[in-house]
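To start, the structure itself, in structure tokens.
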Amino acid sequence: MARPKKEIEELRIHQINIRLTDIEREYANKQAKLAGLTIANWLRRAAFSKRPLVLSKVTPMHRAYYKQLVGISNNINQIAKNLNQGKYTKILSGIKETNDLLHQIAQYLTDDRQTN
């Protein structure tokens, strides 16, 4: 079964040639690959699209990282909620002591850097 013919208005019969530097061509090629398009289709979309270009596909790896970040943020929110409710007071005092020690170490390092 053959592909249906396009209407006259849909046919791309006009051609425009443009000159690019090596850097511009490399950039266009890279962005087109990230978007999963040919260079011509990427340029056409960049020129005529009213929406911002999607410059990269979401890979499974990115999805996995996003899922981990969401899990981490949920854990942080739960910890903050428990701290605000007065739970974990021993841990909170330990965190404050550690924070104070880190500030002292940073001050010693700053002072030592200034004397050298």
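The values are calculated or read from the model by the stated rules, or taken from the named source; none is laboratory data. Remember, predicted model here, so these are calculated numbers, not experimental data. Here the Cβ positions follow ideal geometry from the backbone for every residue, glycine too, while neighbour counts run over all protein chains shown.
Computed quantities for the displayed model
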{"read-out": "Helices (runs of 4 or more DSSP H) wholly inside region 25-116 containing at least 2 residues that are closer than 30 Å to I13 by Cβ and at pLDDT 85 or above", "value": "39-48"}
{"read-out": "Number of the exception - I13 against (1) surrounded by 10 or more Cβ atoms within 10 Å (Cβ to Cβ); (2) at pLDDT below 85", "value": "(1)"}
{"read-out": "Search result, residues across region 9-24 that are in a helix (DSSP H, G or I) and charged (D, E, K, R)", "value": "E9, E10, D22, E24"}
